[in-house]
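The values are calculated or read from the model by the stated rules, or taken from the named source; none is laboratory data. As the structure is a prediction and not an experimental result, all values here were calculated from the model. Note: ideal-geometry Cβ built from the backbone for every residue, glycine included; neighbour counts use all protein chains shown.
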Amino acid sequence: MVAVRYETAFKLYPYQKVAAQSGPAQRHPVVIVGGGPVGLALALDLGQKGTPALVLDDHDGAGLGSKAICFAKRTLDIANRLGVSTPMVDKGVVWNVGKVFHGDNRLFEFNLLPEDGHRNPAFINLQQPYFERFLVDEIHNAQAAGAPIEIRGRNAVSTLSQHDGYVTLKVDTPDGPYELEADYLIACDGARSLIRDQMGLSFDGRVFEDNFLIADVKMKADFPTERWFWFEPPFKDSGQSALLHKQPDDIWRIDFQLGWDIDREKELDPDRIRARVDAMLSSQSGTVPNYELEWTSIYTFQCRRMKTFRHGPVLFAGDSAHQVSPFGARGANSGVQDADNLGWKLDLVLKGIADDALLDTYSTEREHGADENILNSSRATDFMTPKTEVSQTFRNAVLDLAGKHAFARPLVNSGRLSVPCAYDGFALFGEDALNGPAISRPGAPCPDAPVGDGFLLDHLAGVFTLLSIGGQAPDAVSAAGLTTQSVHIDAPSPELAARYLGETKQAIYLIRPDQHVVARWADYDPQTIAKALAHAIGKAP
């Protein structure tokens with residue numbers, strides 16, 4: 001990405017010299033490199049569980065610029081478990097509806113969450129610096145309550161060396177370098193990961209020969225809070241596609257697809273950018289409101305990932321492990337799901353409850369998630385930018401049909417928007433002895449639903465949970481050093497019944513700390529559940 005500048009939006013963790021910078025290297029259970037959404041979410045999750053986490057970041061807060069703005073419902077559900085979703089949703093621009101255009105014609109619109117009974121919306125638009133600030137605010141709350149979390153700003157890792165069972169890091173600071181050690185090092189340091197480069201690890205995939213112009217525009221406008229996407233937009237010099245999104249603080253994100261063979265310096269000229277923005281705005285409202293260009297950049301993108309996300313005591317998460325196009329909002333959202341998957345596993349390993357091999361399942365499960373995102377991202381880009389005359393003819397035929405017939409609309413791909421990953425058939429999951437709804441099958445994340453005055457996911461508090469619906473409230477189950485919490489719902493709401501019972505009258509669900517269903521049954525059998533609980537952390541029954 002070529003950007004205009006780098007500045008700090010929020011100074012969240014100013015540099016402070018610590019005693020550990022003098023004397024011998026200190027050992028830490030978990031060191032997280034990178035203070036973005038993924039690293040901060042992981043640190044907060046670990047700290048709330050009582051596992052110490054140290055975050056090292058080469059800056060002292062969230063940076064300005066072209067970063068993630070679309071946060072999906074699954075990310076907000078994870079944020080709710082961490083205690084931080086309310087300020088995010090309150091600050092963010094809530095949207096469920098998108099509209100797709102071809103030239104001057106509006107083809108159709110879609111609603112990503114047409115049903116009721118969820119705490120969180122399908123998406124919010126929220127600039128990444130706010131997302132990070134709210135995470136840091138909650139980290140401060142957790143620290144005040146005794147959570148063992150530390151963030152060191154302007155602590156830049158320069159080198160690392162891997163030993164048998166731990167890692168040594170050299171860290172540069174304004175007061176000079178120092179060394180520390182980590183039982184586990186989590187690299188959340190982005191697509192240009194220094195940790196990955198230092199270890200000489202590959203990052204393979206596909207480079208897309210296209211350029212996109214981003215303009216963050218500050219203006220007062222009456223456009224609805226929806227995602228608008230144009231194929232072959234009608235406004236002058238608009239490129240092959242365009243996208244319009246509203247953000248908080250009267251900021252609008254505009255993307256123009258420019259093609260591959262461009263003069264970047266020319267395209268970044270403010271007058272040329274203004275001409276493009278003026279043409280878009282005047283085509284929609286007939287006038288051009290007063291606006292300011294807050295941020296502009298041109299980016300290309302790649303879809304790629306590491307071969308494996310685990311290398312002994314070093315694990316990779318977020319953009320350091322996998323990279324996708326921005327279309328579909330899969331980058332930061334999939335990274336937060338990485339943290340959600342890894343946090344409880346690290347916690348159990350460090351507490352001696354689970355074997356170190358449990359961390360291998362983080363790698364296999366999230367590699368599956370990355371492959372799913374890369375596939376969807378690549379297909380979206382191929383649809384948006386046909387590479388041959390035949391594919392161009394097919395794409396335009398689909399667009400023409402989609403404007404007239406509903407059956408063709410699922411074929412239109414302007415960026416398949418982020419959905420939660422399900423781990424169908426993976427090793428830690430057990431049997432489906434319920435014949436219940438597919439939405440809550442083993443491997444899937446729990447769908448939300450109303451429960452009393454709140455919602456179901458409020459009751460799934462980051463531990464193994466035995467959820468019983470209907471019938472009698474069963475006892476908790478213990479196995480392999482774990483004891484489930486029990487949540488019983490005697491009279492389910494219609495939404496809960498539809499999403500968890502289907503045609504059955506009662507059900508038992510075993511749910512992981514990351515709110516994925518382990519197994520489910522029609523009846524309570526503590527021995528069967530105990531076997532599934534042990535199996536869920538990789539131990540023999």
- Query: Taking the stated definitions as given, is residue 393 free of Cβ contacts under 8 Å to residues at least 40 places away in the same chain and hydroxyl-bearing (Ser, Thr, Tyr)?
  - Reply: yes
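Looking at region 173-193, which of the residues that are outside any loop (DSSP other than H, G, I, E, B) and either of a type in the set (Phe, Trp, Tyr) or without any contact (Cβ under 8 Å) to a residue 60 or more places away in the chain (or both) is surrounded by the fewest Cβ atoms within 10 Å (Cβ to Cβ)? Walk me through how you get there before you give the answer.
At the first step, the residues of region 173-193 found to be outside any loop (DSSP other than H, G, I, E, B) are 178-187.
When the remaining residues are screened for being either of a type in the set (Phe, Trp, Tyr) or without any contact (Cβ under 8 Å) to a residue 60 or more places away in the chain (or both), the result is 178, 184.
Working: 178: 20, 184: 24.
Among those that are outside any loop (DSSP other than H, G, I, E, B) and either of a type in the set (Phe, Trp, Tyr) or without any contact (Cβ under 8 Å) to a residue 60 or more places away in the chain (or both), it is 178.
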- Item | Pairs with Cβ under 6 Å, 6+ apart, first in region 108-123 and without any contact (Cβ under 8 Å) to a residue 60 or more places away in the chain, second in a strand (DSSP E or B) | 111/97; 121/94
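Working only within region 122-157, note down all residues that are among the hydrophobic types (A, V, I, L, M, F, W, C) and within 19 Å of the chain's Cα centre (by Cα). Give the steps one after another, and end with the answer.
Just the residues of region 122-157 that are among the hydrophobic types (A, V, I, L, M, F, W, C), to begin with: 122-124, 126, 131, 134-136, 139, 142, 144-145, 147, 149, 151, 156-157.
122, 123, 124, 126, 131, 134, 135, 136, 139, listed by residue number.
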- Task: Select from region 249-299 the residues that are modelled with pLDDT under 90 and at positive phi and list them in ascending order.
- Result: 259, 286
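Taking residue 150, is it assigned to a helix (DSSP H, G or I) and in the same structural domain as residue 18 (by TED's automatic domain parsing)? Spell out the reasoning first.
On the way: assigned to a helix (DSSP H, G or I): no; in the same structural domain as residue 18 (by TED's automatic domain parsing): yes.
No; evaluated as a whole, the condition is false for this residue.
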- The one condition in (1) touching a helix residue (DSSP H, G or I) at 6+ places or on another chain (Cβ under 8 Å); (2) on the phi > 0 side of the Ramachandran plot; (3) surrounded by fewer than 19 Cβ atoms within 10 Å (Cβ to Cβ) that residue 401 fails to fulfil: (2)
- Hits in region 77-114 - residues which are within 14 Å of residue 228 (Cα to Cα), surrounded by 15 or more Cβ atoms within 10 Å (Cβ to Cβ) and basic (Lys, Arg): 99
- Query: Taking residue 527, is it of a type in the set (S, T, N, Q), assigned to a helix (DSSP H, G or I), over 25 Å from the mean Cα position of the chain (by Cα) and over 24 Å from residue 121 (Cβ atoms)?
  - Reply: yes
- Item | Positions within region 154-201 being among the polar types (S, T, N, Q) and farther than 25 Å from residue 355 by Cα, in sequence order | 155, 158, 159, 173, 193, 198
- Provide a single number: the residues in region 153-172 that are in a loop (DSSP other than H, G, I, E, B) and either at pLDDT 95 or above or touching a strand residue (DSSP E or B) at 6+ places or on another chain (Cβ under 6 Å) (or both). 4
- Message: Tally up the residues in region 69-84 that are assigned to a helix (DSSP H, G or I) and of a type in the set (A, V, I, L, M), please.
- Response: 3
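Quick check, is residue 279 touching a Phe, Trp or Tyr at 6+ places or on another chain (Cβ under 8 Å), of a type in the set (A, V, I, L, M) and farther than 29 Å from residue 378 by Cβ?
Working: touching a Phe, Trp or Tyr at 6+ places or on another chain (Cβ under 8 Å): yes; of a type in the set (A, V, I, L, M): yes; farther than 29 Å from residue 378 by Cβ: yes.
In short, yes.
Before we move on, is residue 514 in contact (Cβ under 8 Å) with a residue 12 or more places away in the chain, surrounded by 17 or more Cβ atoms within 10 Å (Cβ to Cβ), assigned to a loop (DSSP other than H, G, I, E, B) and not assigned by TED's automatic domain parsing to the domain that holds residue 83? Break it down into steps so the answer makes sense when it comes.
Working: in contact (Cβ under 8 Å) with a residue 12 or more places away in the chain: yes; surrounded by 17 or more Cβ atoms within 10 Å (Cβ to Cβ): yes; assigned to a loop (DSSP other than H, G, I, E, B): yes; not assigned by TED's automatic domain parsing to the domain that holds residue 83: yes.
It is true that residue 514 is in contact (Cβ under 8 Å) with a residue 12 or more places away in the chain, surrounded by 17 or more Cβ atoms within 10 Å (Cβ to Cβ), assigned to a loop (DSSP other than H, G, I, E, B) and not assigned by TED's automatic domain parsing to the domain that holds residue 83.
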- Item | One residue from 231, 212, 208 being touching a Cys at 6+ places or on another chain (Cβ under 9 Å) and surrounded by 14 or more Cβ atoms within 10 Å (Cβ to Cβ) | 208
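Rundown of residues vs (1) of a type in the set (Gly, Ala, Ser); (2) in contact with a Lys or Arg (Cβ under 9 Å, 6 or more places away or on another chain), yes/no style:
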position: 340; (1), (2): no, yes
position: 352; (1), (2): yes, no
position: 358; (1), (2): no, yes
position: 361; (1), (2): no, yes
position: 375; (1), (2): no, no
position: 388; (1), (2): no, no
position: 400; (1), (2): no, no
position: 406; (1), (2): yes, no
position: 411; (1), (2): no, no
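Would you please name the residue that is surrounded by the fewest Cβ atoms within 10 Å (Cβ to Cβ), looking only at residues in region 317-367 that are basic (Lys, Arg) and in a helix (DSSP H, G or I)? Before you say what the answer is, go through the steps one by one.
Filtering region 317-367 for residues basic (Lys, Arg) gives 330, 345, 351, 366.
Still in the list and also in a helix (DSSP H, G or I): 345, 366.
Values: 345: 24, 366: 29.
The residue in question is 345.
Results for (1) assigned to a strand (DSSP E or B); (2) closer than 18 Å to residue 98 by Cα; (3) of a type outside the set (Lys, Arg), shown as yes or no for each residue.
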{"site": "216", "(1), (2), (3)": "yes, no, yes"}
{"site": "222", "(1), (2), (3)": "no, yes, yes"}
{"site": "225", "(1), (2), (3)": "no, yes, yes"}
{"site": "228", "(1), (2), (3)": "yes, yes, yes"}
{"site": "235", "(1), (2), (3)": "no, no, yes"}
{"site": "239", "(1), (2), (3)": "no, no, yes"}
{"site": "244", "(1), (2), (3)": "yes, yes, yes"}
{"site": "249", "(1), (2), (3)": "no, no, yes"}
{"site": "252", "(1), (2), (3)": "yes, yes, yes"}
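Consider region 517-529. How many of its residues are more than 10 Å from residue 474 (Cβ to Cβ) and in contact with a Pro (Cβ under 7 Å, 6 or more places away or on another chain)?
Keep residues of region 517-529 that are more than 10 Å from residue 474 (Cβ to Cβ), which gives 517-522, 527-528.
Retained after the next criterion (residues that are in contact with a Pro (Cβ under 7 Å, 6 or more places away or on another chain)): 517-520.
Within region 517-529, residues that are more than 10 Å from residue 474 (Cβ to Cβ) and in contact with a Pro (Cβ under 7 Å, 6 or more places away or on another chain) number 4.
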- Is it true that some residue in region 58-68 is under 24 Å from residue 231 (Cα atoms), assigned by TED's automatic domain parsing to the domain that holds residue 180 and either part of a helix (DSSP H, G or I) or of a type in the set (Gly, Ala, Ser) (or both)? yes
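Just to be sure, is residue 479 within 23 Å of residue 516 (Cβ to Cβ) and either surrounded by fewer than 21 Cβ atoms within 10 Å (Cβ to Cβ) or under 25 Å from the mean Cα position of the chain (by Cα) (or both)? Step through it out loud before you land on a result.
Working: within 23 Å of residue 516 (Cβ to Cβ): yes; either surrounded by fewer than 21 Cβ atoms within 10 Å (Cβ to Cβ) or under 25 Å from the mean Cα position of the chain (by Cα) (or both): no.
Against the criterion (within 23 Å of residue 516 (Cβ to Cβ) and either surrounded by fewer than 21 Cβ atoms within 10 Å (Cβ to Cβ) or under 25 Å from the mean Cα position of the chain (by Cα) (or both)), residue 479 does not qualify.
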- Message: For a quick check of your reading of the model, give me the residue pairs whose first member lies in region 284-303 and is more than 30 Å from residue 207 (Cβ to Cβ), whose second is small (Gly, Ala, Ser), with beta-carbon atoms closer than 8 Å and at least 6 apart or on different chains.
- Response: 285/221; 288/282; 289/221
- Query: Tally time: how many residues in region 400-440 are among the basic types (Lys, Arg) and in contact with a strand residue (DSSP E or B) (Cβ under 6 Å, 6 or more places away or on another chain)?
  - Reply: 1
- Item | Condition check for residue 503: more than 28 Å from residue 349 (Cα to Cα), of a type in the set (Asp, Glu) and crowded, with 19+ Cβ neighbours inside 10 Å | no
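Filter region 271-316 down to residues that are among the β-branched types (Val, Ile, Thr) and assigned to a loop (DSSP other than H, G, I, E, B) and give me whichever is nearest to residue 371 (Cα to Cα).
Residues of region 271-316 among the β-branched types (Val, Ile, Thr): 273, 277, 287-288, 296, 298, 300, 308, 314.
If we keep only those that are assigned to a loop (DSSP other than H, G, I, E, B) as well, we get 287-288, 308.
Working: 287: 44, 288: 42, 308: 12 Å.
Among residues in region 271-316 that are among the β-branched types (Val, Ile, Thr) and assigned to a loop (DSSP other than H, G, I, E, B), the one nearest to residue 371 (Cα to Cα) is 308.
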